[in-house]
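Written below as structure tokens is the structure these notes are about.
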Amino acid sequence: MSIVIEAQNLKRCYGSGVTLVAAVNDVSFSIEQGEFTAIIGPSGSGKSTLLNLIGGLDQPDAGRVLLQGQDIATMTGNAISDFRRDHIGFIFQAYNLIPVLSAHENIEYIMLLQGVPTLNRQARVLEMLELVGLSGLGHRRPSELSGGQQQRVAVARAMASQPDIILADEPTANLDSKTGAGLLDLMRDLNAAHGLTFLFSTHDQMIMERAQRLVHIKDGILEQDETR
Amino acid sequence: MLLIQLAWRNLFRNGRRTFLTCLLLTSSLVVIILMDGLILGMLGVMVGGITQTLEGEAQIYKAGFRDRFDSTLYLESPQSILNVLNQDETLLAYAPRVVVPAVIGSSYNTLGGMVYGVDPEKEAATSRLRQALIEGEYLSDKPRALLMGRLMAEKLEIGIGDRVVLTASAVDNNELVQGLFRVSGIVQFGPKELDESFVFIHIKGAQALFQLGDGLHQIALRFKDFEDANRSDLALASKIEGENIEFKGWLALQPGIGAMLEMTSYSTLIIGTVLFLFASLGVINAIFMSIYERLYELAIAKAIGTRPAFIGGLIVLEAFGLALISCSIGLPIAYCLMTYFAGSGLPLGGNIEFSGVVLGGRLYPELALHQFVQFPVYVILLTLVAAIYPALFAARITPARSLQKAL
């Protein structure tokens, strides 16, 4: 298995002087292709900050993040935008979608940014909708979809760009347990069927139960790296 | 295409805000168009009032005559000039005149004033003398007929048919000359200066009385296009101007009008700038509100790989859409209002005399093409300029921080 992500001595601090807090402190770990991993820890432990650093949404104060061997911590402007677009899929807690676009258009959006030709784009949108079980609902705007359906569209959008890894920041936080379980099963199936790499940040028990590997974070420090 | 689609749909997410912002821009556009129309209308009345009342759009006279209205400075052989004027195609009409200061006396009173010897028909085609007649008859071939300003008639305590004696010095030998005339008509131009100082008699009678022969003091001109009068390359001017003969357009004759035109264009600029500045601040505020409202969404768009320029472009395009909608609403409204007021006029609450011109009881705005081309372009450009700062702000948002802030 090849290494997709390598975090090396990551450090991210907030505040200054006496209020300086290290949200992530000297964290190092790597993720291999096809892993289904969860970063877990209590609220305020630094797991979302760590995920943001890995996704290039924030820049570390020290250390580096290698994604497919490229250091994304040094990238800025269009370079980091393009890198995220082509290599990383994101799923957030809620309100993931652009409200003025339909489910179909939300999935198509990222491929439009990538410059995928129209015919390929349309075919892939339909394929993704089918994969997440939303065939026939592509015309609906996010406000016309349930929370679970919206998260499925977010998964479809994250997959549409054919990324190396999908980062999911507490994707079940706003869902009821049944819908959340359904969404996680879907992601687990996609992981198994397509070899997609998933990295979660969560304290949801359901995700922990399904994850192959758990990276425990507390007070910004990696406490335990547990592979099942 | 995606950018346009997104911008268009975003505009209607918060209909009330879009409506209010459009209302602001639309009102600014309508106000500036109406204001420009009113200023143009007022200038038209003022320029027309000055050039068409008596002054003419241009004048030909002997060098130095206008400095002191010295009657000894006259065109001795004007026939060659009149021949040129008769053949010129840019002219609508011209009026030869004799202008001599005189003492005008009635049985009851005596006043100093200016006697104008005019060709009745040519004068009627050039100035408003015939239209200014409020009582009696216009000048004809009757040798003793005289038109008098209303205020002068009141001061001299005379009316139609009464006798008037004109006393002046002959132009060539300075001998005292006198002529007896009868008031055939009373005229009223509006400006006090004209109505209390001027009398008009037939040009032949004036030339004979003041011993001018065929001489003329001035020839007032009216052009088919009044702008021609001020053209520096006017062929007519170069044909006529000589060592002792001057040809002056209305701007040179009345430098005050030029200053007034300049002043009004500055005031339009200042009022327009202030108006658009406030509108721009409103636009900036509305755009920022819309950005803050969807900070989370913009952060997600950026997180999934949307380039900063795309986000900035989206904001600018939304502003462009706002301006476009505002102009599409504002232009028909402005056109309807302008057409309505151009027909019915805006009430001024009585006659107002301004810079020697009487503005009637109503002011009629003037429609012009530039109001419907130039001003919408200004609205669009200023809205785009107003959108630059919010667009830069949106383009520079940091996904991690904005996601945290928005939640």
Cα-centred dipole magnitude for segment B:152-235, charges only on beta-carbon of K, R (+1) and D, E (-1), debye, nearest 20: 260 debye
Karplus (6.51, -1.76, 1.60) ³J(HN,Hα), θ = phi - 60°, over segment A:222-228, in Hz, Gly and Pro reported as x: 6, 8, 8, 10, 10, 9, 9
Selection from B:Leu133, B:His217, B:Gly64 lying farthest towards where the dipole of segment B:64-242 points positive, charges on Cβ: B:Leu133
Inter-chain Cβ neighbour average for residues A:106-119, partner chain, 10 Å: 2
Accessible surface of A:His104 - all protein chains present, 1.4 Å probe, nearest 10 Å²: 40 Å²
Options B:Pro191, B:Gly49, B:Pro308, ranked by Cα towards positive dipole end of the protein assembly as shown, top entry (Cβ charges): B:Pro308
Residue of A:Ser16, A:Ser146, A:Ser48 that the Gaussian network model of chain A assigns the largest fluctuation, springs spanning Cα pairs under 10 Å: A:Ser16
Karplus (6.51, -1.76, 1.60) ³J(HN,Hα), θ = phi - 60°, over segment A:92-106, in Hz, Gly and Pro reported as x: 9, 4, 7, 6, 6, 9, 7, x, 8, 10, 6, 4, 4, 5, 4
Under the Karplus curve 6.51 cos²θ - 1.76 cosθ + 1.60, θ = phi - 60°, whole-Hz ³J(HN,Hα) for segment B:368-379, x wherever Gly or Pro sits: 9, 4, 4, 5, 9, 10, 5, 5, x, 4, 4, 4
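For A:Gln114, what charge total do you get from the other residues with a beta carbon under 13 Å from its beta carbon, if Lys and Arg give +1 and Asp and Glu give -1?
Local charge sum for A:Gln114: +3.
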Förster radius 25 Å - calculated FRET efficiency between A:Met206 and B:Glu293, Cβ distance, rounded to 0.05: 0.15
Considering only the protein assembly as shown, percent of DSSP beta bridges that pair antiparallel, nearest 5: 70 percent
Positive minus negative residues near B:His202 (Lys, Arg vs Asp, Glu; Cβ under 12 Å): +1
Check: chain B dipole with +1 on Lys, Arg Cβ and -1 on Asp, Glu Cβ, in debye: 2460 debye
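Over all directions, how big on average is the projection of the convex hull of the alpha-carbon atoms in chain B, in square nanometres?
That works out to 25.8 nm², a quarter of the Cα hull's surface.
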Inter-label distance for B:Arg13 and A:Asn9, nm, one decimal - labels placed 7 Å from Cα along Cα-to-Cβ: 4.2 nm
Using alpha-carbon coordinates, inclination of helix B:2-11 to the longest axis of chain B, degrees: 80 degrees
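Taking R0 as 35 Å, what FRET efficiency do you get between A:Lys218 and A:Lys178 from their Cβ-Cβ distance, rounded to the nearest 0.05?
Result of the calculation: an efficiency of 0.70.
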B:Ser184 accessible area, assembled protein chains, probe 1.4 Å, Å²: 20 Å²
At least 40 Å² accessible surface lost relative to isolated chain, residues of segment B:362-407 (1.4 Å probe): B:Ala400
Sequence-distant residues sharing a close amide H with A:Lys218 (under 5 Å, placed H): A:Glu223
Cut-off 12 Å between beta-carbons: net charge of the residues surrounding A:Gln150, Lys and Arg +1, Asp and Glu -1: +3
Cα gyration tensor, segment B:64-242 - rounded (a/c under 1.5), prolate or oblate: prolate
Those residues of segment B:369-384 whose amide nitrogen sits under 19 Å from the label point placed on B:Tyr335, 7 Å along Cα→Cβ: B:369-380
Amide H within-cut-off set for A:Ile166, under 5 Å, with H built and near neighbours excluded: A:Gly89, A:Thr197, A:Phe198, A:Leu199
Given charges at Cβ of Lys, Arg, Asp, Glu: the protein assembly as shown dipole, positive-most of B:Pro143, A:Leu199, A:Ile72: A:Leu199
Size of electric dipole in segment A:115-228: Cβ of Lys, Arg +1 and of Asp, Glu -1, about Cα centre, debye, nearest 20: 480 debye
Shielding of A:54-61 by partner chains, average beta-carbon count, 10 Å: 3
Whole-number percent relative contact order across chain A, with pairs defined as alpha carbons under 8 Å at least 6 apart: 29 percent
Pairs from B:Lys62/B:Lys248; B:Lys62/B:Lys239; B:Lys204/B:Lys239; A:Lys11/A:Lys47; B:Lys122/B:Lys224; B:Lys204/B:Lys224 whose Cα-Cα separation, in the structure shown, is over 22 Å: B:Lys204/B:Lys239; B:Lys204/B:Lys224
Two-decimal Rg/Rh across the protein assembly as shown, once Rg and the Kirkwood Rh are taken from alpha-carbon atoms: 1.34
Nitroxide proxy distance, nm - points 7 Å out along Cα→Cβ at B:Thr273 and A:Gln70: 4.9 nm
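The values are calculated or read from the model by the stated rules, or taken from the named source; none is laboratory data. Owing to the predicted nature of the structure, the values given are computational and were not obtained by experimental measurement. Counting neighbours? That spans all protein chains shown, and the Cβs are built from the backbone with ideal geometry, glycine included. These area figures cover heavy atoms from the full protein model, side chains too; ligands, DNA and RNA do not enter into them. Shrake-Rupley method; radii C 1.70, N 1.55, O 1.52, S 1.80 Å.
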